[in-house]
1. If you scan the stretch 14-43, which residues turn out to be assigned to a helix (DSSP H, G or I), of a type outside the set (A, V, I, L, M) and out of contact with any Asp or Glu (no Cβ under 8 Å at 6 or more places or on another chain)?
2. Report, by residue number, each residue of the stretch 50-74 that is assigned to a loop (DSSP other than H, G, I, E, B) and either within 10 Å of the chain's Cα centre (by Cα) or among the basic types (Lys, Arg) (or both).
3. Going by the structure shown, is Thr64 hydroxyl-bearing (Ser, Thr, Tyr) and either touching a His at 6+ places or on another chain (Cβ under 9 Å) or surrounded by fewer than 12 Cβ atoms within 10 Å (Cβ to Cβ) (or both)?
4. Please list, ordered by first then second residue, the pairs with beta carbon atoms under 9 Å, 6 or more apart or interchain, first in the stretch 31-58 and touching a residue at least 40 places away in the same chain (Cβ under 8 Å) and more than 15 Å from Arg14 (Cβ to Cβ), second of a type in the set (A, V, I, L, M) and in a loop (DSSP other than H, G, I, E, B).
5. From the set of residues in the stretch 10-47 that are among the small types (Gly, Ala, Ser) and surrounded by 14 or more Cβ atoms within 10 Å (Cβ to Cβ), which is nearest to Val71 (Cα to Cα)?
6. Could you check, for the stretch 30-40, whether at least one of its residues is β-branched (Val, Ile, Thr) and more than 9 Å from the chain's Cα centre (by Cα)?
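Laboratory data are not the source of any read-out in this text; all were calculated from the coordinates shown. Just so you know, these numbers come straight off a predicted model, no measurement behind them. Glycine gets a Cβ as well: all are built from the backbone with ideal geometry, and neighbour counts include every protein chain shown.
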Amino acid sequence: MDDETGIIGVVAERVKRERKAAGLSQEELAFEAGLDRTYISQVERGKRNVTVVVLARIAHALKTSPDRLLVPLRKNRV
């Protein structure tokens, strides 16, 4: 998928990080968001360009806000 903005990768990284921090499996997150586990897997691998509605459902399941899933993670500088 062509994404010159990099936002799909940001969402992928943030969803995975937030899911793990919440102690949820992909299957549990999918259930809470009303989505299929394979869809969550595709989101986390940057293979899906989610809609705003789906982003909101994932954020709600992660007990966070959609905008938090759009902010890039800080990289440790060495």
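1. First pass over the stretch 14-43, keeping only residues assigned to a helix (DSSP H, G or I): 14-21, 26-33, 37-43.
Within this subset, residues satisfying the condition of being of a type outside the set (A, V, I, L, M) are 14, 16-20, 26-28, 31-32, 37-39, 41-42.
Residues satisfying the conditions are Arg14, Arg17, Glu18, Lys20, Glu27, Glu28, Phe31, Glu32, Thr38, Tyr39, Ser41, Gln42.
2. Val50, Leu62, Lys63, Arg74
3. Details: hydroxyl-bearing (Ser, Thr, Tyr): yes; either touching a His at 6+ places or on another chain (Cβ under 9 Å) or surrounded by fewer than 12 Cβ atoms within 10 Å (Cβ to Cβ) (or both): no.
Taking the combined requirement at face value, the residue does not satisfy it.
4. Filtered contacts from the stretch 31-58: Lys47/Met1.
5. At the first step, the residues of the stretch 10-47 found to be among the small types (Gly, Ala, Ser) are 12, 21-23, 25, 30, 33-34, 41, 46.
Cutting the leftovers down to surrounded by 14 or more Cβ atoms within 10 Å (Cβ to Cβ) gives us 12, 22, 30, 33, 41, 46.
Details: Ala12: 11, Ala22: 18, Ala30: 21, Ala33: 20, Ser41: 20, Gly46: 15 Å.
Out of the qualifying residues, it is Ala12.
6. Our first condition is that a residue be β-branched (Val, Ile, Thr); within the stretch 30-40, this holds for 38, 40.
Retained after the next criterion (residues that are more than 9 Å from the chain's Cα centre (by Cα)): 38.
Within the stretch 30-40, one or more residues are β-branched (Val, Ile, Thr) and more than 9 Å from the chain's Cα centre (by Cα).
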